[in-house]
Amino acid sequence: MLKTATAKSKTTICGKNSSGEDNYTVTRPNAGATVDMVADYDPGLDAFVAKKNDATYILEAYNGSLTVRKSGSTDRQVSKDWLSLDNEPDGD
């Protein structure tokens, strides 16, 4: 559904995982362990919001940027390459 790459990580959101969970999200930082979680879509932000342990991940659906909030700090990572299948032309 949505795929993005920033200078610090790559994130993918797909419709469902093998267990049937909606908006299954995988974030792979350039340094560190892969984080998999379920995200909820927030229409007010036009973003997918996921939480894992003490971190919140906000993936902006309109530009692919990723914001990570952890331990009182916020790291906004601007997308350098993103793709949303919902924004692609039908190709007719």
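Just from the alpha-carbon atoms, what are the Rg and Dmax of region 2-75 in angstroms?
When restricted to the Cα atoms of region 2-75, Rg and Dmax are 11.5, 33 Å.
Taking the Cβ of each residue in 66, 45 as the centre, tally the other Cβ atoms inside 10 Å and list the residues starting with the fewest. Each step should come with its number before you reach the end.
Numbers: 66 24, 45 14.
By the 10 Å Cβ count, ascending: 45, 66.
No lab work stands behind these numbers, since they all come straight from the coordinates. For clarity, every value in this text was computed on a predicted model and none was experimentally measured. For neighbour counting, all protein chains shown are included, and Cβ atoms are generated from backbone atoms with ideal geometry for every residue, glycine included.
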